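Let me begin by presenting the structure, written as structure tokens, before commenting on it.
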Amino acid sequence: MIKKHWRTFLMAGLLSASGFSQAQLQTIDSIAAIVDDEVIMQSELKERIGILKKQSQKMRLPPDNVLHEQVLDRLISESIQMQMAERSGMRVSDQQLNQTIENIARQNGMSLKKFKKALEKDGVEYSQAREQIRRERLLSEVQRYRVGDKIQISEQDIDAFLNSARGKTATGEEYRLGHILIQLPTQANREQINKAEKKAKNLVKKIRKGADFSQAAVANSEGRNALKGGDLGWRKEAELPSLFANVVPDLTKGQVSDPIRSASGFHIIQITDQRGGTTKLVQQTRARHILVRENEIRNDAQSKALIEKLYQRIKKGEDFAKLAKEFSDDPGSKVSGGDLNWVNDGDMVPAFEKVMKKTKKDQVSKPFKSRFGWHILQVTDYRNKDMGQEVQRNQARQLLYTRRFEEELPIWLRQIRTEAYVEVKDDL
């Protein structure tokens with residue numbers, strides 16, 4: 001949520017670092033509320049309300065007395081949680097904060113520089129936004145630790161969800177469809193119907209022989225999406241028009257249907273892409289490697305020299321696995337002769353994956369360096385593995401977790417508010 005809706009997020013958090021500094025510089029201030037071991041000052045409350053009004057000029061806010069109460073309630077809730085974080089020793093390092101901010105910018109299609117300018121345009125200083133994001137991340141960590149970690153999703157829960165109507169809709173297969181319509185006039189006669197059907201069947205034959213579907217749609221279709229190459233976009237199985245519901249699931253990617261008759265004419269459907277559901281073929285690579293890293297008795301140059309020697313020995317015919325067992329500094333793979341088992345795209349660090357993708361089966365790569373040290377690798381096999389069911393179950397698990405978290409969080413927030421010492425002053 002932070003990443004995708006940063007303006008809403010900043011408005012909701014509304015922590016002003018400058019507000020604290022201004023509050024400290026004031027010689028006269030008063031207490032708005034006492035919360036356990038901390039106090040919320042009137043200046044902090046006014047600053048938070050002021051920023052909210054400034055950033056919500058185009059939104060309709062509640063009356064001042066209601067807004068005052070809502071903001072104070074949020075400050076009290078935040079104070080309780082921040083004190084919990086402090087007692088638990090929770091911290092957000094500058095490195096973690098920088099990464100979070102970079103992720104927010106990237107998710108919104110911005111560079112960090114553009115993100116800073118967008119903040120300035122919205123009247124938010126970058127320094128105060130940093131502290132607000134740090135605070136919100138700490139609050140999220142407290143909530144995850146106190147609420148999220150207690151939520152258990154069983155395999156039976158997942159099975160029940162996947163078998164429910166909602167589960168089938170949420171995790172079902174999605175299809176991207178191409179569509180061609182050969183239209184019939186209202187109250188078409190037999191000759192018109194036969195002519196349209198013949199045209200549709202000829203188009204299907206041409207497409208199955210290699211003609212481009214989108215070009216055929218532009219040239220022949222009378223459907224609403226004809227000029228888009230007949231693209232209907234992504235549709236979940238449960239959202240398919242009833243006319244196509246019994247046809248699409250039986251098609252494979254790239255396959256074209258026979259003409260489908262309706263009152264409006266003859267339809268031709270192609271699945272141009274599909275995702276989700278219980279089918280997801282993932283290309284996997286099996287590789288083995290030898291890692292030589294710098295240590296107390298060997299510097300980087302010596303490590304490089306050693307991997308070069310091992311590379312030459314393998315090229316002359318020595319056994320890769322035997323050399324890996326003897327020389328590799330990777331404790332996880334050396335006992336199995338350097339075997340890394342099957343890996344998916346993205347599993348390995350970029351430097352390793354780049355070389356692995358360029359290396360053909362049974363070839364040994366030239367020595368290269370990653371952040372772990374110097375490597376040589378050999379690709380031993382490729383395969384396509386169906387990960388669809390695993391992906392679907394993980395998706396269901398996350399949906400169930402999110403639902404329960406959203407149910408449990410308000411209950412927990414009410415509970416900690418009840419258990420805390422809170423005294424709201426009368427001079428508000």
Next item on the list: Being aliphatic (A, V, I, L, M) and either touching a residue at least 40 places away in the same chain (Cβ under 8 Å) or within 26 Å of Asn384 (Cβ to Cβ) (or both) narrows it down to one of Val335, Val343, so name that one.
Entry: Val343
Next item on the list: Consider Leu72 carefully, then state whether it is over 20 Å from Arg130 (Cβ atoms) and modelled with pLDDT of 85 or more.
Entry: yes
Note to self: If I ask for residues that are at pLDDT 85 or above and surrounded by 13 or more Cβ atoms within 10 Å (Cβ to Cβ), which ones from the range 244-253 would you list?
What the structure shows: Phe244, Val247, Val248, Leu251, Lys253
Next item on the list: Assess whether Lys54 counts as being modelled with pLDDT under 85, basic (Lys, Arg) and either part of a helix (DSSP H, G or I) or in contact with a Leu (Cβ under 9 Å, 6 or more places away or on another chain) (or both).
Entry: yes
Margin query: For the structure I just gave you, tell me whether Lys206 is of a type in the set (Lys, Arg), touching a residue at least 60 places away in the same chain (Cβ under 8 Å), on the phi < 0 side of the Ramachandran plot and surrounded by fewer than 18 Cβ atoms within 10 Å (Cβ to Cβ).
Written below: no
Item checked: The listed residue being aliphatic (A, V, I, L, M), closer than 16 Å to Asp258 by Cα and surrounded by 13 or more Cβ atoms within 10 Å (Cβ to Cβ), out of Ala188, Ala238, Ala226, Ala200 -> Ala200
Checklist line | Options Asp300, Asp250; residue that is of a type in the set (Asp, Glu) and in contact with a strand residue (DSSP E or B) (Cβ under 9 Å, 6 or more places away or on another chain) | finding: Asp300
Next item on the list: Mind listing whichever residues of the range 279-304 are closer than 30 Å to Thr252 by Cα and outside any strand (DSSP E or B)?
Entry: Thr279, Lys280
Margin query: Restricting to the range 128-154, name every residue that is over 22 Å from the mean Cα position of the chain (by Cα), among the small types (Gly, Ala, Ser) and modelled with pLDDT of 90 or more.
Written below: Ser154
Next item on the list: Would you kindly identify the strands (runs of 3 or more DSSP E) lying entirely within the range 305-391 that contain at least 2 residues that are out of contact with any strand residue (DSSP E or B) (no Cβ under 7 Å at 6 or more places or on another chain)?
Entry: 368-370
Next item on the list: Hey, can you tell me all the residues within the range 80-127 that are of a type in the set (A, V, I, L, M) and within 18 Å of the chain's Cα centre (by Cα)?
Entry: Ile101, Ile104, Ala105, Met110
Check: Out of all the residues in the range 229-247, is one or more free of Cβ contacts under 8 Å to residues at least 12 places away in the same chain and either assigned by TED's automatic domain parsing to the domain that holds Arg393 or more than 38 Å from the chain's Cα centre (by Cα) (or both)?
Finding: no
Checklist line | Residues of the range 147-192 that turn out to be over 30 Å from Gly223 (Cα atoms) and of a type outside the set (A, V, I, L, M), as a count | finding: 14
Next item on the list: Show the residue pairs that are 6+ apart or on different chains and have beta-carbon atoms under 8 Å apart, the first residue being within the range 364-377 and outside the structural domain of Ala305 (by TED's automatic domain parsing), the second being buried (at least 22 other Cβ atoms within 10 Å of the Cβ).
Entry: none
Note to self: If I ask for residues that are assigned to a helix (DSSP H, G or I) and either buried (at least 17 other Cβ atoms within 10 Å of the Cβ) or free of Cβ contacts under 8 Å to residues at least 24 places away in the same chain (or both), which ones from the range 120-136 would you list?
What the structure shows: Glu120, Lys121, Tyr126, Gln128, Ala129, Arg130, Glu131, Gln132, Ile133, Arg134, Arg135, Glu136
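The values are calculated or read from the model by the stated rules, or taken from the named source; none is laboratory data. Since the structure is predicted, the reported quantities are computational estimates derived from the model, not experimental observations. Cβ: placed from backbone, ideal geometry, glycine included. Neighbour counts: every protein chain shown.
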